[in-house]
Amino acid sequence: QKEVEQNSGPLSVPEGAIASLNCTYSDRGSQSFFWYRQYSGKSPELIMSIYSNGDKEDGRFTAQLNKASQYVSLLIRDSQPSDSATYLCAVNRGGGSNYKLTFGKGTLLTVNP
Amino acid sequence: SQTIHQWPATLVQPVGSPLSLECTVEGTSNPNLYWYRQAAGRGLQLLFYSVGIGQISSEVPQNLSASRPQDRQFILSSKKLLLSDSGFYLCAFSQGALDEQYFGPGTRLTVT
């Protein structure tokens, strides 16, 4: 089982729609969770962090965490063509691996005008 | 505000040549520093991390090494590059062990 798993996509949504990106992780003891956006040829940019169960909203972005199901998601409301990018889920397993972020391979999102 | 710099932005090197990539962070003290590699079609792989000057932890055995000569400077080196060393090298920093990591602009290395 992969440590952090994401659908590779591509996920295609029309402009103005809600984009839903999903991520599962294998280590039940994981403590912190992050979503990064990476445009082609650029470095990853942090867009959301979440540490406890539930929802966290920041503008058009909502991160959702369910530790019991080992599942974290990112919702993008009112999707814009500028949101077209690869979205990376990252998990910090904590414990002896405190400093280590494990990344999924990313989901490519395309927002069509 | 905190900023992170990497150079060079792109690099083309022949097999067997040495490598030195530099990363510096501004606007913070005693950051945790990280080197990642992103190879084509693969995810981000943590190579090294450092929690203080002279303290380096290696995640993946390979022909690369890292050093931290100053608090906000992190260097990735190799004595002899391999074709498999090609990739996008990213430096990142964080303040705490579980905190967000912020990435620099990256160095795209092509080994020919």
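The values are calculated or read from the model by the stated rules, or taken from the named source; none is laboratory data. From a predicted model like this one, the values you see are computed outputs, not experimental measurements. Positions of Cβ are generated from backbone atoms using ideal geometry, with glycine treated the same way; all protein chains shown enter the neighbour counts. When the accessible area is computed, the model is the full protein with side chains, heavy atoms only, and any ligands, DNA or RNA have been set aside. Shrake-Rupley method; radii C 1.70, N 1.55, O 1.52, S 1.80 Å.
Over chain B, Cα pairs under 8 Å with separation of 6+ residues give a relative contact order of 36 percent.
On alpha-carbon atoms, Rg over Rh for segment B:1-42 using Kirkwood Rh?
Working: Rg = 13.5 Å, Rh = 12.9 Å.
Radius of gyration relative to Kirkwood radius: 1.04.
Per-residue SASA remark: A:Arg77, around 70 Å² accessible (1.4 Å probe; ligands, DNA and RNA not included).
Can you give the percent of C-alpha pairs in the protein assembly as shown whose distance is more than 33 Å? Don't jump to the answer; show the numbers that get you there.
Numbers: 4224 of 25200 pairs.
Roughly 17 percent, once rounded to a whole number.
B:Trp35 contributes about 0 Å² of solvent-accessible surface, heavy atoms of the protein only, 1.4 Å probe.
Remark on A:Asn7: its backbone amide H falls under 5 Å from those of A:Asn22, a criterion applied only to residues 5 or more positions apart or on other chains, H modelled at 1.01 Å from N. Kirkwood radius for segment A:16-57, taken over all pairs of different Cα atoms as the inverse mean of 1/r, rounds to 12.5 Å.
Averaged across the residues of B:26-34, what count of C-beta atoms belonging to other chains lies within 10 Å of each residue's C-beta?
1
Entry note, chain A: relative contact order of 37 percent, from Cα contacts under 8 Å with a spacing of 6+ residues. For chain A, the number of Lys pairs with C-alpha atoms closer than 24 Å, counting only pairs eight or more positions apart or on separate chains, is 10.
Chain B and chain A together bury an accessible surface of about 1700 square angstrom, both sides counted, with a 1.4 Å probe and no ligands or nucleic acids included.
What number in nm² do you get for chain B if you take the convex hull of its Cα atoms and divide its surface by four? Could the numbers behind the result be given before it?
Details: hull surface 26.1 nm².
Computing the convex hull of the Cα atoms and averaging its projections yields 6.5 nm².
Dipole of chain A computed with +1 at Lys/Arg Cβ and -1 at Asp/Glu Cβ about the Cα centre; of A:Val111, A:Cys23, A:Leu11, farthest Cα towards the positive end is A:Cys23. Residues in the protein assembly as shown average 46 Å² of solvent-accessible surface per residue, probe 1.4 Å, ligands and nucleic acids excluded. The share of C-alpha pairs in chain A whose separation exceeds 25 Å stands at 17 percent.
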